[in-house]
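This report concerns only the one structure given below.
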Amino acid sequence: MECHELAAADPAVVTAADMVTGHVVLDVSCSDRLYLNGYVNKLQTPGGVVYFFHDHRRKPTVSPALFEPIGEKFRRDIRDWAQANGIPLIRFNCEDRKAEAMAKIPLPLDDADRDGGY
């Protein structure tokens, strides 16, 4: 069953895993930091945006302004989760070189680092 078939049947049953299966690659180039950049390919087209809001989100009128509450909730949830777990959340500007900026921030040492082992 394809993702659009799941969404049409019942939008509540479509999970993030359903949406990204076969479409996501995790490329780890630095094991001590993780950067998350993502996009949904089908939302890069006008037809995909119409489908998402009209058919999936059941909005009678489709507008790009409907993205803002979704983005705000996502950012709030990430901020709250990071804060609750003691994880620093660092915002970048689009021109920032993330690896260079993060290299300047010292990482906390855990017990293995203090003992010289892994």
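The values are calculated or read from the model by the stated rules, or taken from the named source; none is laboratory data. As the structure is a computational prediction, the values presented were derived from the model and not from experiment. Positions of Cβ are generated from backbone atoms using ideal geometry, with glycine treated the same way; all protein chains shown enter the neighbour counts.
Structure data summary
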| read-out | value |
| --- | --- |
| Some residue of the range 45-67 being loosely packed, with under 10 Cβ neighbours inside 10 Å, modelled with pLDDT of 90 or more and in contact with a helix residue (DSSP H, G or I) (Cβ under 8 Å, 6 or more places away or on another chain) | yes |
| Of all residues making up the range 81-100, the number that are in contact (Cβ under 8 Å) with a residue 60 or more places away in the chain and either loosely packed, with under 11 Cβ neighbours inside 10 Å or hydroxyl-bearing (Ser, Thr, Tyr) (or both) | 0 |
